[in-house]
Structures are given as C-alpha cells and as structure tokens.
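What follows is a set of notes on a single structure, which appears directly below.
The values are calculated or read from the model by the stated rules, or taken from the named source; none is laboratory data. Note that the structure is predicted; figures quoted are calculated from it, not measured. Methodologically, a virtual Cβ is constructed for each residue, glycine included, from the backbone with ideal geometry; neighbour enumeration extends over all protein chains shown. Only protein heavy atoms, including side chains, enter the accessible area calculation; ligands, DNA and RNA are left aside. Shrake-Rupley method; radii C 1.70, N 1.55, O 1.52, S 1.80 Å.
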Amino acid sequence: MTVLYRCFLVSSVAAMLLGGCKEKPTQSTTNSTPQHSGSDSAGHQANPPVIEDNNIYADVDISPMDMSYFPSKYPQQKIADPKTPPPVMRVIYSRPHLQGRKLFEEILKYGQTWRLGANEATELDVFQPVTIGNKKLPVGRYTLYAIPKAGYWTIAVNNDLDLWGLKQDVSKDLLRVEVPVTYYNPVMEYFTMVFEKSDTGANLIIAWDDALVKLPITI
Amino acid sequence: MKKWLFLIACAIAGVHAANAQQWAPIDKSPLDQVYFPIDYPSLKVKGTKEPLRMRVIYSRPNKSNRQIFGSEIVPYGKVWRLGANEATELDLFTDAKIGGKKVPAGRYTLYALVNEKNWTFIINKETDTWGAFKYDAAKDVCRVTVPVERMDKPIESLTIDLEKAGTGVNLVAGWDTVSATLPFLF
C-alpha cells in the first residue's frame, strides 16, 4: 500500500512538473491562500482523490468506515422530528471496494470467514431488543461476521468486541443463521450494508459486487 | 416455457440495469473511529491487558482548498458537530473526569463551540442525532474551554486523535491550521 501511495505521489509530482507551465495561470486565479501555492496545485484541477501528504495525525483509510441505522437515516429523521422514537439498531463497518477485482475468489473465498467489512470487526449496536434466527438479542453491542458459500451465507453474531476483524473467537458466538445469497443484483463497487423495513421488523441488506444477502431481524 | 422466457428477459434486463448502474458513491466525508488505547482492536487481538477507555466516532470532512474556521463552514461563536453528517459520538467505556466533572461510562455526543482563540468542547447526552442543528444545551453534561493552537501546515481532513497524557488521555482535534485539546482523566 505504501508503495502504491509513493508511486502516486511521485507520479503526481511528475505531472505537476510537466504540466507546471500550463497550470500556473489557472492556479493563481483559483488559489487565494498563499500557503497552498506549491504542493497540491496539479491535483485540484481534475478533482482527484485527496492525497493526505500533510496530515500529521492519521490518513483517511482506503476502506472508509460508515454507519447505517434502523430506522434508516435515523439521525436526520430525529432532527426533522424531535418526537421520533429511539433508534432500534445500527451497524458500524468499513467499506472495502472492488477496484477491478471479482468478489469471489479474488477477495472472498467460499467457506472462509469474513469480517463483513475491513479493518476492525463489524459492530452491531442494538438499542432495543431484537430477534435474529429465533434468538433474542438484548440491548448491547455485538460483532458480526460471515462465512459466505455459493448458495447461502452463514451470519454469526458474536460477543467479542472492539477487536480487529481477522480473528474470530467462535466460542463467543451468540447465534448463527444461514441466509440465501442472490446474484445478478446491481453491482456495488463499495461493500454496502443498510437496513430495510420488513413485515416483521427489518432486513439487514448486505451487498457487494452483484451478490446480495438479507438478514431478517424481528423487532 | 413462456415463464422461462420471461425470467430470462428479466435477467437480461437486470444485468443491463446493473451495467448502467452508477457505483454507490462513498461519502465525501467518510466516517472513522479512534480508540484509546490507540489501535485497541489490533492490540486486543495481540492480547493486550490495557483497559479500553474510550472511542470517538466521527466523519472527516476535507479542507478542499477552503478556509475552514471563521468562514461559513465553521463560523465563530456557533456550536459545531466537530465532524460531518451525524453528530460526533464519544463512547466512554469507563468513568472519566472531564474538566473536573465526573462523567459516567456511556455514549455521548461531542460538539465544539469554536472561536478564534479558544474552543469550548461540549459533552451532551442527546445521541444518534444529525449535526448540531437541534443542539440542546439543557442536555449538556459538561463544557470545557481550551485555547487553540496554530500549526504551520494545514491538515487536509479533520482529524481527532487520542494521546496518552500521564494517567489520562488528551483528545486532540485538528483541521486546517488549528488544533485544540480536551483532557480526560481516568
């Protein structure tokens, strides 16, 4: 990753040098803050990914984190109507992207445990008791992971919190459910998890590439 | 047979629609989380014995060549969500002392009232909300005012870092050329 990043830096510096003469006039018109004159001139014209060459604390991750509530967009709903009842649950997960790879065999392997995200283990926060696969989940924080297979995925809810996603302690599984997977869905470049309303509560939609899994949750 | 043809037609239409589909965009201000101890999830996998103290969940807007503080992005004298999108969340896993006040373990929202020379960090009880649009001072747990520090080099993405400070932890928020520090005691 560092190598890629270096290459990118080198190439963008090269581009800056090569295109320097062309860029200068436009740059002086767009740039009002003097401290910016040199470093990120080539970049901002073509709207490229942001290069974090000046962040002294921590770069933005290549698989950025995201969070989905049920009811969906709960925080927005809440400010629109302060009487909105409390949220039911949310997932906090990181969003890897395909970057030209095929999901199966290039990123995930059938039968191998996957953290349902990237980086830290994916977290399910339950604010009101829910039921998954006939098992009641009390209010609390949990982690989620999956074992994808060709026809169905096993989704596990686990009690081991705040840990990196590569090491699951199966003895701390609270429940496992098998849910069917469908293909030929709209292709998702970024791994995506959102809740949708169902007759009995909500489905957690898990989508990446053209594969899609729905985890039914009873409220 | 007709049924099959219909299904095949649907599948073709589906694939076609899939190809035409725009990739779901990633947020302009992606979410991030920072733990103390730093990188706790990795440390835990390696078997750390250090207690988990806190976590901040926040979105990270970019400077994108704009002036941030004192502009319309973060105006002076107004409560700011200290992030983007959802209000920034502070999770305390153990009780802490903030600005001399004991704050029990729990989930809170963290805001900042930004001025040119100082910031007031605000810890508030109303969680799972969007921005600071419905900020309610009646739900404040505590407020701490600290002086700002100026940096020579701007930080592109808003960054919240948790640093060890004696027996406590400093929450350092930095963006553009300004940073401010909120101390926690454990």
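Here are a few things to note about the model shown:
- Each peptide in A:72-79, A:131-138 receives the mean, over its residues, of other Cβ atoms within 10 Å, and ordering these scores from highest gives A:72-79, A:131-138.
- Amide hydrogen neighbours beyond the local backbone of B:V148, cut-off 5 Å, H modeled: B:N118, B:W119
- Shielding by partners for peptide B:89-99, expressed as the average number of C-beta atoms from other protein chains within 10 Å of each residue's C-beta, is 1.
- Nonlocal amide H pairs with B:L82, under 5 Å, H built at 1.01 Å: B:A112
- Estimated FRET transfer efficiency (B:N118, A:Q112; beta-carbon r; R0 56 Å; 0.05): 0.60
- 10 Å Cβ neighbours from other chains, averaged over peptide A:70-81: 4
- Count of Lys pairs (Cα-Cα under 22 Å; at least 8 positions apart or interchain) in the stretch B:52-186: 19
- Across peptide B:115-128, the average count of Cβ atoms from other chains found within 10 Å of a residue's Cβ is 1.
- Projected onto its three principal axes, the C-alpha set of the stretch B:102-186 covers 37, 34, 21 Å, listed from the longest axis down.
- The distance between label points at A:Q99 and B:R143 comes to 4.6 nm (points 7 Å beyond Cα on the Cα→Cβ vector).
- Note on A:K102: lysines with a C-alpha under 23 Å away, same-chain residues under 8 apart excluded, are A:K149, A:K214.
- Remark on B:T88: its backbone amide H falls under 5 Å from those of B:L110, a criterion applied only to residues 5 or more positions apart or on other chains, H modelled at 1.01 Å from N.
- The string of couplings for the stretch B:98-113 from the Karplus curve (6.51, -1.76, 1.60, θ = phi - 60°) is 10, x, x, 10, 7, 10, x, 3, x, 9, 9, 10, 10, 10, 9, 9 Hz, one whole number per residue in order, with x for Gly and Pro.
- Over the stretch B:24-185, the pair-distance histogram of Cα-Cα distances with 5 Å bins from zero comes to 2, 9, 18, 23, 22, 15, 9, 3, 1, 0 percent, rounded to whole numbers.
- B:A105-B:S71 pseudo-label distance in nm [points 7 Å out on the Cα-to-Cβ vector]: 4.2 nm
- Length-normalised contact order for the stretch A:173-219 - Cα pairs under 8 Å, 6+ apart - percent: 38 percent
- The angle separating the long axis of helix B:2-20 from the principal Cα axis of greatest extent in chain B is about 40 degrees.
- Total accessible area lost when B and A pair, probe 1.4 Å, Å² to nearest 100: 4300 Å²
- List A:M188, B:M54, ordered by accessible area with a 1.4 Å probe, largest first: A:M188, B:M54
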